[in-house]
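The values are calculated or read from the model by the stated rules, or taken from the named source; none is laboratory data. None of the values given here were measured: they were computed from a predicted structure. Cβ atoms come from the backbone with ideal geometry, glycine included; neighbour counts cover every protein chain shown. To get the accessible areas, we keep the full protein, side chains included, count just its heavy atoms, and leave off ligands, DNA and RNA. Shrake-Rupley method; radii C 1.70, N 1.55, O 1.52, S 1.80 Å.
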Amino acid sequence: MTPFDLTPDAARVALSGVVAPDLDGESVLDACARAVWSFVTEPGDGVAGSLIDTHGATDALRRVLTDAPRHQRVAGEYGIALRRWAPRLDAPAFETALRVAERRGVRLVTRADPMWPAQLDDLGVHVPIALWARGRLDVLSRLQPSVALVGARAATSYGDHVARELAADLAGGGIPIISGAAYGIDGSAHQAALSVGGTTVAVLAGGVERAYPAGHTEMIERIAREGVIVGEQPCGSTPTKWRFLQRNRIIAALSEATVVVEAGWRSGSLNTAGHAASLSRALGAVPGPVTSAASAGCHRLLREYGAQCITSAADVRELVGIGGGPATLFDDDPGRAPTDDAMRVRDALSTRAWRPVADLARRSGMSADSVESHLGLLLLQGEAARDTRGWRLVTSRRG
């Protein structure tokens, strides 16, 4: 193992391309120390968190580097922690992770950065030591309010439909959607938010330089272009069961409300709900058929944990203190467009001719951006179709 060089000049060289180049000496040392801490600790390490709170990231790391060679002789909780950290104090491997981050456009975000999401500080000693992020970093400072939509990987068609409806309605109305990029409910929520031009954040359990799961590569890369991907593990880190569970605390802390769309009795999304409850965040759950095992976890949250019953995006808006939203999931007239603007876009569409967005904007008297948002919703609902020629209204035949 090679010693770490904790001097401003060495830290600046190490973090080249990963942090802003104009950081002063103290700030660049703090950022470098936090990057090292994220490399040697597992997420949510309370001993590391307490040490950093007491001594600051740089001095705490200097202490560890001094004590690591004799870690077997150090007693107490600190000694146990040293024995966890010492095998990872590998400077060459750390340098490799930084160069991967630089090549992949991954940036280090610390609590000193203006884009740091302050709501994460509610996690106390379990706050992420730093975040590794890829995408639009400015999104991180604009997540209040935001909503976490989570649920089962093995989602039913019912859960998938509800997740898409909620995410599209909320994101289309300007409320960012946060989730974990997994298969099932997470993926449906992200995809629906993207389809309406909304903001979405994916929180990963491993390094953010690569997509996980691999089957969601295209979606995750799109989130990196239009939203942001974050994690607390440096590049090269692989997802583990522990990291998934700890990742869930970040999803809950970033969001003003967590809504569990569909979950079995022992679903991992209940872990996210538990974190939300411990942080005094608003908690909601979508009811399902009483005969469905896929909704047993949601019913448990409603019955035993005081979760609010969510039947529409309007319910979610009420959960985060925003009123006036339209109910769309169980509307008395499902054939009616959910908002006046959506109706204008629908009216501008033709059942025969393909019309480009610019033409629809002219016909509806709306901006092209607004038209595209509502077209995304109509596409999800099966009311509109799209191809290279433009958009067309889809009519259902009823016998």
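A few points about this structure:
- With Cα atoms, 0 to 90° folded angle of helix 368-380 axis to the chain main axis: 80
- Anisotropy class of region 68-162 from Cα gyration tensor, a/c 1.5 cut: prolate
- Between Val320 and any residue 5 or more places off or on another chain, the built amide H atoms are never under 5 Å apart.
- Rounded to the nearest 10 degrees, the inclination of helix 241-254 to the longest alpha-carbon principal axis of the chain is 70 degrees.
- Span from the region 345-399 Cα centroid across to the region 85-136 one, whole angstrom: 42
- Relative to one another, the C-alpha centroids of region 56-77 and region 249-290 are positioned 37 Å apart.
- Exposure check, 1.4 Å probe, all protein chains in place: Met343 carries approximately 80 Å² of accessible surface.
- In this view, the solvent-accessible surface of Tyr183, computed with a 1.4 Å probe and all protein chains in place, comes to about 110 Å².
- Within the shell defined by Cβ-Cβ distances under 15 Å, the residues around Val201 carry a net charge of +2, with Lys and Arg each +1 and Asp and Glu each -1.
- Largest accessible area first, the listed residues Trp265, Trp37 line up as Trp265, Trp37 when surface is computed with a 1.4 Å probe on the assembled protein chains.
- What separates the Cα centres of region 1-40 and region 185-199 is a distance of 35 Å.
- Proximal charge balance of Ala361 [Cβ under 11 Å; K/R count +1, D/E count -1]: +1
- Accessible-area rank, largest first, for His161, His275, His190: His161, His275, His190, with all protein chains present and a 1.4 angstrom probe.
- For the chain, the longest principal axis of the Cα atoms and the long axis of helix 57-67 meet at an angle of about 40 degrees.
- Cβ crowding within 10 Å averaged over residues, with 353-364, 379-390 ranked highest first: 353-364, 379-390
- A viscosity of 1.567 mPa s and a temperature of 4 °C, combined with the Kirkwood radius over C-alpha pairs in the Stokes-Einstein formula, give region 113-251 a diffusion coefficient of 88 µm²/s.
- For q = 0.06, 0.09 Å⁻¹, Debye-computed log10 I/I(0) when each Cα of the chain counts as one equal scatterer: -0.27, -0.58
- Beta-bridge orientation, the chain: approximately 40 percent antiparallel, per DSSP, counting only bridges with both partners inside.
- Enclosing the Cα atoms of region 1-153 in their convex hull gives a volume equal to 140 cubic angstrom per residue.
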